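Worksheet: one structure, shown below.
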Amino acid sequence: MARYTDAVCRLCRREGQKLFLKGDRCYTDKCGVTRRAYAPGQHGQGRTRASEYGSQLREKQKVKRYYGILEKQFEGYFEMASKRQGKTGENLLSILESRLDNVVYRLGFAMSRAEARQLVRHGHFTVDGKKVNIPSFLVKPGMVIALKEGSRSLEKFKANVEANMFRQPPKWLDYDANTLTAKVAAAPARDDIDLPVEEQLIVELYSK
């Protein structure tokens, strides 16, 4: 499966809700879901009743699109989650939330997860003092994520940090706005993840 390169607003319309894939545009009247609150395509405005399998598939697609990952990656994360203690669905969301690109987005350094992936690939961030340019890197409790010293004067980051001042980082990240660093205080819990998804449907899908 190749990386999706079409208009990302179509993805939000397909899921019938905002996935916040376009950064600040999602908060304006230009948002695709606001302008056309129906699925894309010729039959997008028709009434469709999803089957049990269809509902399960939609939940999986929603999570994949929310975090911007591919099918094979998702399967790997699900397998990892199933081997951990606890509920597989909650483990899955915790793993996805721990990705470095998501952490960069949650801290307000990027306007979207897509932008966060690009910034991580360009080497603007460190983990425990070492440069990490892999967006899928999974952070763990005790690790410290920081914006590199040489990147702090860039207008891009200044603008993003200012624009995202209203966004509160999740409680599992101990963020210091003065030093632009964050310590992972704990693994993300389900209550910390504001994703409107029924993860149990994904577990049921993979259990067939």
**Prompt:** Looking at (1) outside any loop (DSSP other than H, G, I, E, B); (2) in contact with a Gly (Cβ under 8 Å, 6 or more places away or on another chain); (3) of a type in the set (A, V, I, L, M), which is the one condition that is false for L96?
**Reply:** (2)
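Based on this model, can you work out whether F74 counts as closer than 30 Å to E162 by Cα, modelled with pLDDT of 95 or more, surrounded by 18 or more Cβ atoms within 10 Å (Cβ to Cβ) and aromatic (F, W, Y)?
Working: closer than 30 Å to E162 by Cα: no; modelled with pLDDT of 95 or more: yes; surrounded by 18 or more Cβ atoms within 10 Å (Cβ to Cβ): yes; aromatic (F, W, Y): yes.
Judged against the criteria, F74 is not a match.
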**Asked** Of all residues in region 152-185, which are modelled with pLDDT of 95 or more, surrounded by 14 or more Cβ atoms within 10 Å (Cβ to Cβ) and touching a Phe, Trp or Tyr at 6+ places or on another chain (Cβ under 6 Å)?
**Response** A182
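Each row is one residue, and each column tells you yes or no for (1) free of Cβ contacts under 8 Å to residues at least 60 places away in the same chain; (2) under 21 Å from D192 (Cα atoms); (3) in contact with a strand residue (DSSP E or B) (Cβ under 7 Å, 6 or more places away or on another chain); (4) not in a helix (DSSP H, G or I).
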| site | (1), (2), (3), (4) |
| --- | --- |
| V104 | yes, yes, yes, no |
| Q118 | yes, no, no, no |
| T126 | yes, no, yes, yes |
| S136 | no, yes, yes, yes |
| G150 | yes, no, no, no |
| S153 | yes, no, no, yes |
| K158 | yes, no, no, no |
| F166 | yes, yes, no, yes |
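The values are calculated or read from the model by the stated rules, or taken from the named source; none is laboratory data. Please read all numbers here as calculations on a predicted model, not as lab measurements. Every residue, glycine as well, gets a Cβ built from its backbone with ideal geometry; the counts of neighbours run over all protein chains shown.
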